[in-house]
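Peer 1: Please see the structure below; I have some questions.
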Amino acid sequence: VLSTDRISRQNRIICTHHHQQRQRQKEKLIRNRVLADSIKIAELEAKEHDGVSLSPQAASVLGELVFLESEKLAFDLKAFAKHRNDRTITKKDVELFVRRSSGDLLECIEDALRKENVI
C-alpha cells in the first residue's frame, strides 16, 4: 500500500517531467522556426545581390548563428529588465543592448526602422 505522501510525490515528479517535456518541445519549435526563417531571409537576400546562391551548408550555419545570437540577445535583455527590477523588456533595454554591441548595428536598425516609417 502506497502512502498518500508517496503518491503525491510521484504525481509531482510526473507533472514536472511532463512540464519539462512541453518546454523542450516549445524550445525546439522556436529554434526550428528561427532557423527556417533566417535561412529563407538569407536565401532571398543572396538572390537579390546579382543572383548569388547560398549553399545548404552555409544556410544551415547561418541559421544556427542567428539562433545562438538570439539566445544571447534574450539573455542580455532579460538581465537589463531584471536590473531595473522589472519583468518587461522595453525599448530602452533594446537600445542599451545595441549601444553595447555595435554602433553599426544601431545604424542598421535605425535605417530599417526609417524605411518602415517606424521612426
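The values are calculated or read from the model by the stated rules, or taken from the named source; none is laboratory data. As the structure is a prediction and not an experimental result, all values here were calculated from the model. Positions of Cβ are generated from backbone atoms using ideal geometry, with glycine treated the same way; all protein chains shown enter the neighbour counts. All accessible areas refer to the heavy atoms of the entire protein, side chains included, with ligands and DNA or RNA removed. Shrake-Rupley method; radii C 1.70, N 1.55, O 1.52, S 1.80 Å.
Peer 1: How many angstrom lie between the Cα centre of segment 49-93 and the Cα centre of segment 16-42?
Peer 2: 14 Å
Peer 1: Just by accessible area at a 1.4 angstrom probe, what is the order of Asp86, Asp93 from largest to smallest?
Peer 2: Values: Asp86 60, Asp93 5 Å².
Correct descending sequence by accessible area is Asp86, Asp93.
Peer 1: Moving to a separate point now. Can you tally the net charge around Asp76? Count Lys and Arg as +1, Asp and Glu as -1, for every other residue whose Cβ sits under 14 Å from the Cβ of Asp76.
Peer 2: Numbers: positive: Lys72, Lys78, Lys82, Arg84, Lys92, Arg99, Arg100; negative: Glu69, Glu71, Asp93, Glu95.
Within the 14 Å Cβ shell, the charges total +3.
Peer 1: In sequence order, what are the phi-derived ³J(HN,Hα) couplings for segment 70-87 according to the Karplus relation 6.51 cos²θ - 1.76 cosθ + 1.60 with θ = phi - 60°, rounded to whole Hz, with x for glycine and proline?
Peer 2: 5, 4, 4, 4, 4, 4, 5, 5, 5, 5, 5, 5, 5, 4, 8, 6, 10, 9
Peer 1: Follow-up question, since we're still on this one. For every other residue with a beta carbon closer than 14 angstrom to the beta carbon of His19, add +1 if it is Lys or Arg and -1 if Asp or Glu, then tell me the sum.
Peer 2: Values: positive: Arg12, Arg22, Arg24, Lys26; negative: Glu27.
Surrounding charge for His19 is +3.
Peer 1: Taking Lys28 as the anchor, which aspartates and glutamates have their alpha carbon closer than 15 Å to its alpha carbon, excluding any fewer than eight residues away along the same chain?
Peer 2: Once the sequence-local aspartates and glutamates are set aside, what remains near Lys28 is Asp37, Glu64, Glu71.
Peer 1: To continue, here is another question. Given an 8 Å cut-off on Cα distances and at least 6 residues of separation, report the relative contact order of segment 1-76 as a percent.
Peer 2: On the way: 26 pairs, mean separation 21.5, N = 76.
Normalised by residue count, the contact order of segment 1-76 is 28 percent.
Peer 1: Follow-up question, since we're still on this one. Hey, which of these cross-link pairs are over 28 Å Cα-Cα: Lys40/Lys82; Lys40/Lys92; Lys91/Lys115? Before the final figure, lay out the partial values.
Peer 2: Working: Lys40/Lys82 34 Å; Lys40/Lys92 30 Å; Lys91/Lys115 18 Å.
From Lys40/Lys82; Lys40/Lys92; Lys91/Lys115, over 28 Å: Lys40/Lys82; Lys40/Lys92.
Peer 1: Over all directions, average the projected area of the Cα convex hull of segment 19-110 and note it in nm².
Peer 2: Working: hull surface 31.2 nm².
Orientation-averaged projected area of the Cα hull: 7.8 nm².
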